[in-house]
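Structure first, commentary second.
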Amino acid sequence: MPRIPYPDPASLPEDVRQRLGATPPNVSRMMAGASAGVFHGFANLTRAFFEHSPLSARLREIAILRVGYLSNAPYETFQHETFARHIGVSQAEIDAVREGEAKASILGEAGAAVLAFTDDLVRNVRPGDETLSGVRAHLSDTEVLDLIMVVGAYIGVCRFLEATGVEIDERSIDWAAREASWREKPVSGANG
């Protein structure tokens with residue numbers, strides 16, 4: 001049972017109900033209770049990482065999963081382990097992300113650098129020069145900035161999930177269907 005009740009769909013603005021669709025995941029159901037502008041704005045922000053960022057999906061998912069593990073947010077890791085597998089991340093790589101730096105070599109140099117940078121950013125807020133240089137050796141500055149923003153956004157998602165007590169869905173998100181719906185209704189520019 002969530003710590004804050006899911007909003008009654010009938011009480012939501014029409015544009016929020018439309019964006020939710022018929023069977024939204026629990027995280028979306030809970031976020032729909034925020035003001036409509038915040039709901040749409042946050043949805044556009046997180047969706048932009050998937051549609052518009054030059055940061056590779058694999059490196060993005062390493063970062064998102066690591067944030068979820070460091071935040072002890074089982075909902076987040078449940079959904080993003082499924083997405084990581086969907087894009088070809090192996091179970092051994094997912095396990096390495098969960099275990100951290102000691103197992104990072106399986107992720108390759110860029111993946112290990114993203115993992116170390118994510119750890120440093122989450123734990124210390126201002127990452128050290130060494131981890132910043134390490135990630136910059138593999139990513140463009142634009143990709144590094146997107147990485148910083150995706151880590152920050154998913155720290156927020158994890159805090160939201162745990163503070164509200166969002167329950168793990170019976171099934172993971174159908175990521176193939178989600179990606180198809182994004183292609184049908186792309187987010188345009190920064191204001192989506």
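Per-residue answers, yes or no, for (1) touching a Pro at 6+ places or on another chain (Cβ under 7 Å); (2) under 30 Å from Glu130 (Cβ atoms); (3) crowded, with 18+ Cβ neighbours inside 10 Å:
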site: Arg17; (1), (2), (3): yes, no, no
site: Arg66; (1), (2), (3): no, yes, yes
site: Pro74; (1), (2), (3): no, no, no
site: Glu101; (1), (2), (3): no, yes, no
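Taken across segment 71-79, residues that are under 18 Å from Leu161 (Cα atoms) and free of Cβ contacts under 8 Å to residues at least 24 places away in the same chain do occur, with at least one present. Determine if segment 42-49 includes at least one residue that is among the charged types (D, E, K, R), at pLDDT 95 or above and under 19 Å from Ile173 (Cβ atoms). No, that holds for no residue. Given the options Arg136, Arg171, Arg178, name the one that is surrounded by fewer than 19 Cβ atoms within 10 Å (Cβ to Cβ), within 17 Å of Ala112 (Cα to Cα) and either in contact with a Cys (Cβ under 9 Å, 6 or more places away or on another chain) or free of Cβ contacts under 8 Å to residues at least 12 places away in the same chain (or both). Exactly one residue qualifies, and that residue is Arg136.
Against the test of being part of a helix (DSSP H, G or I), within 24 Å of Ser28 (Cα to Cα) and aliphatic (A, V, I, L, M), the options Ala104, Ala84 yield a single qualifying residue, Ala84.
So that you can scan it fast, the table gives a plain yes or no per residue for (1) under 11 Å from the mean Cα position of the chain (by Cα); (2) closer than 18 Å to Gln79 by Cβ:
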site: Asn26; (1), (2): no, yes
site: Arg29; (1), (2): no, yes
site: Ser35; (1), (2): no, no
site: Leu45; (1), (2): yes, yes
site: Phe50; (1), (2): yes, yes
site: Ser56; (1), (2): no, no
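Considering every residue within segment 97-107, establish whether at least one is in contact with a Gly (Cβ under 9 Å, 6 or more places away or on another chain) and touching a residue at least 40 places away in the same chain (Cβ under 8 Å). No - not one qualifying residue is present in segment 97-107. Annotation: of all residues in segment 62-101 being within 26 Å of Pro2 (Cβ to Cβ) and of a type in the set (D, E, K, R), the one that is nearest to the chain's Cα centre (by Cα) is Glu76. Scanning segment 23-59 for residues that are assigned to a loop (DSSP other than H, G, I, E, B) and not hydroxyl-bearing (Ser, Thr, Tyr) yields a count of 8.
Checking the structure you have, find out if any residue of segment 89-97 is modelled with pLDDT under 95, outside any loop (DSSP other than H, G, I, E, B), surrounded by 20 or more Cβ atoms within 10 Å (Cβ to Cβ) and at negative phi. Checked segment 89-97: no residue is modelled with pLDDT under 95, outside any loop (DSSP other than H, G, I, E, B), surrounded by 20 or more Cβ atoms within 10 Å (Cβ to Cβ) and at negative phi.
Candidates are the residues of segment 160-192 that are among the hydroxyl-bearing types (Ser, Thr, Tyr) and farther than 15 Å from Thr23 by Cβ; the one that is modelled with the lowest pLDDT is Ser188.
Is it fair to say Pro2 is outside any helix (DSSP H, G or I) and loosely packed, with under 13 Cβ neighbours inside 10 Å? So Pro2 does not fit the description; no.
The values are calculated or read from the model by the stated rules, or taken from the named source; none is laboratory data. Predicted model, so just to flag it, every value in this text is computed and none were measured. Methodologically, a virtual Cβ is constructed for each residue, glycine included, from the backbone with ideal geometry; neighbour enumeration extends over all protein chains shown.
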